[in-house]
Amino acid sequence: MTSPNVRELALDILVRVATQSGYSHLLIDQTLKKNRMDSRDKGLLTEIVNGTIQRRNTLDYYLQPFLQKNKKLEPWVQWLLYMSIYQMIYLDRVPQHAIVHEAVTIAKKKGHKGIASLVNGILRNAQRKGFSSLEQMTDPMERLSIETSHPLWLIQRWIEQYGFEIVKEMCFENLGRPSLSLRVQTLRMNREKVIEKLKNDGIEAKASELSPYGIRVEDGSVLHHPLFTEGYLLVQDESSMLVAPFLRPIKGETVVDACAAPGGKTTHIAEQMQDEGVIYAYDLHQSKVKKIEQNAKTLQLSIIRAKQSDSRQLKDHHQPESIDRLLLDAPCSGLGVIKGKPEIKYQKSEEDIRQLSKVQLELLEAVAPLVKVGGTLLYSTCTVDRQENEGTVSRFLEQHSEYIVDPNWIKEIPSLLKKGKGLSESGLQIFPQDFHSDGFFMVVLIKINSSK
């Protein structure tokens, strides 16, 4: 039987995510580094944390009938019950009596006899009676909200934007586990050679269907493999691997990546430029600037100049119309990466989206004058919200007649991407279910007149 310590560590992460707005993937990573665990325990910890957060609202629905009305639970007790019910319903290999026993043991350790008795009573009752069926829910939006554990306001918002079927597919996709994808540093080794070397070392990887530079790891631990540690590979989602090729940088050019950390797209641009020219990579935080520099060094790329700056102030660093190509991968709600960061769906609000769309427009306004006539401005986000994506682009173009959506870009989009449901004149929206990658938006704009 797995040590209860794994459950205690999982509970600590869950409470920190819930009460301190922590990010589960970062806290899991920190916990695994601090504590010695075998691979099975590491997998269980990750499964309990991710699964419990992903299905929080569903678990709450199942829990409510067993709680006394108006009884307020401390956060750690509530999350202990959530994670126990998650294991009871979704983890077949763990015996239910063991789940209850370990929950009671944790309750005794963290609380007192009364709390342990409460936890024991609730879980034994649930074990005996079973959980409420979702079949009794007649409202399709409400049922989808509970069944996939997405806030009702978000379900309603998305349905207004994309229709019920797309949203249903997206919500169920968000309950899955993100696959591990990596980009090959093709200036140093081609993709086929990388896949072959990994296979020889017992790691199963396949070529990405979405990007000619990407691989997906099917089985095995690649993050300690020499190809990764020595800079032949970089972790990057397949959707975001589309950005650098669509920017179409040419060696010798001057490029700006306005919101660059941690440097995945920046380094990809450098590779597309054959590491010739210059890329100015900016981020608001110095710690993130160091991460860009570290990734560039590991991948053996020399043309990246990483600097700390608010990208709304880039006029202080560059003359008007001095940049050949500019990437603005704007700060956003992150609603396209719920699969990997499930807490996002509970932490964001409609007001957050409104405020972010204002910041996105401010950033576009600030960087637009820097691009040369005939130059390219690529706008991208990792969200699936129309206000942040097409809405932001439309407002920008209304005020900036010197820019247009690049007509050639739309024509050049591969037929594979056109199979998705999000291609419009305003840009390309990739939904998580399209390729089992991140939800992502991008559009290529061309400057046709001077803005001076």
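The values are calculated or read from the model by the stated rules, or taken from the named source; none is laboratory data. The model shown is predicted, which means the values in this text are computed figures rather than measured ones. Virtual Cβ from ideal backbone geometry, glycine too; neighbours counted across all protein chains shown. Note: accessible area is taken over every heavy atom of the protein model, side chains too, but ligands, DNA and RNA are not part of it. Shrake-Rupley method; radii C 1.70, N 1.55, O 1.52, S 1.80 Å.
How far apart, in nm, are the 7 Å Cα→Cβ label points at LYS109 and LYS358?
4.7
Helix-derived [θ] at 222 nm for the chain: sum -39500 (n - 2.57) over DSSP H runs of at least 4, divide by residue count, nearest 500?
When only DSSP H runs of four or more count, the value is -14000 deg cm²/dmol.
In whole angstrom, and with the biggest value first, how far do the Cα coordinates of segment 230-374 range along each principal axis?
Each principal axis gives a Cα extent; for segment 230-374 these are 44, 38, 28 Å.
In whole Å, how far is the Cα centre of segment 226-276 from that of segment 94-117?
Measuring centre to centre over Cα atoms gives 49 Å.
Using only alpha carbon pairs under 8 Å that are at least six residues apart, calculate the relative contact order of the chain and give it in whole percent.
12
Leaving ligands, DNA and RNA out of it, rank ASP139, ASP257 by accessible area with a 1.4 Å probe, largest first.
ASP139, ASP257
Going by Cα centres, segment 24-83 and segment 346-392 are how many Å apart?
The two parts, judged by their Cα centres, are 34 Å apart.
If contacts are Cα pairs under 8 angstrom and at least 6 residues apart, what is the relative contact order of segment 143-287 in percent?
Worked out over segment 143-287, it gives 18 percent.
Taking 0.36 nm per intervening residue step and subtracting the Cα-Cα distance, what contour gain separates SER451 from MET189 on full extension?
Here the segment from SER451 to MET189 would lengthen by 90.1 nm.
Estimate the FRET efficiency between THR138 and ASP201 by the formula 1/(1 + (r/R0)^6), using the beta-carbon distance for r and 56 Å for R0, to the nearest 0.05.
Once the sixth-power term is evaluated, E becomes 0.55.
For the chain, what is the accessible area per residue in Å², given a 1.4 Å probe and the full set of protein chains?
Ligands and nucleic acids excluded, the figure is 45 Å² per residue.
Using a 1.4 angstrom probe on the protein heavy atoms only, line up CYS332, CYS171 by accessible area, largest first.
Accessible-area ranking of CYS332, CYS171, largest first: CYS332, CYS171.
Relative contact order, percent, of segment 275-337 when contacts are C-alpha pairs under 8 Å separated by at least 6 residues?
Reported as a whole number, the value is 35 percent.
Expressed in nm to one decimal, what extension gain is obtained for the pair ASN120 and SER39 from 0.36 nm per residue of sequence separation less their Cα-Cα distance?
This chain segment gains 26.2 nm when fully extended.
How large, in percent, is the carbon and sulfur part of the accessible surface of the chain at a probe radius of 1.4 Å?
48
Quick check: pseudo-label points 7 Å beyond the Cα along Cα→Cβ at SER349 and ASP12, how many nm apart are they?
It works out to 3.1 nm between the two label points.
Got a sec? What order do TRP76, TRP158, TRP153 fall in by accessible area at 1.4 Å, biggest, i.e. largest, first?
TRP153, TRP76, TRP158
If r is the Cβ-Cβ distance from SER302 to SER221 and R0 is 25 Å, what FRET efficiency results, to the nearest 0.05?
After rounding, the FRET efficiency stands at 0.25.
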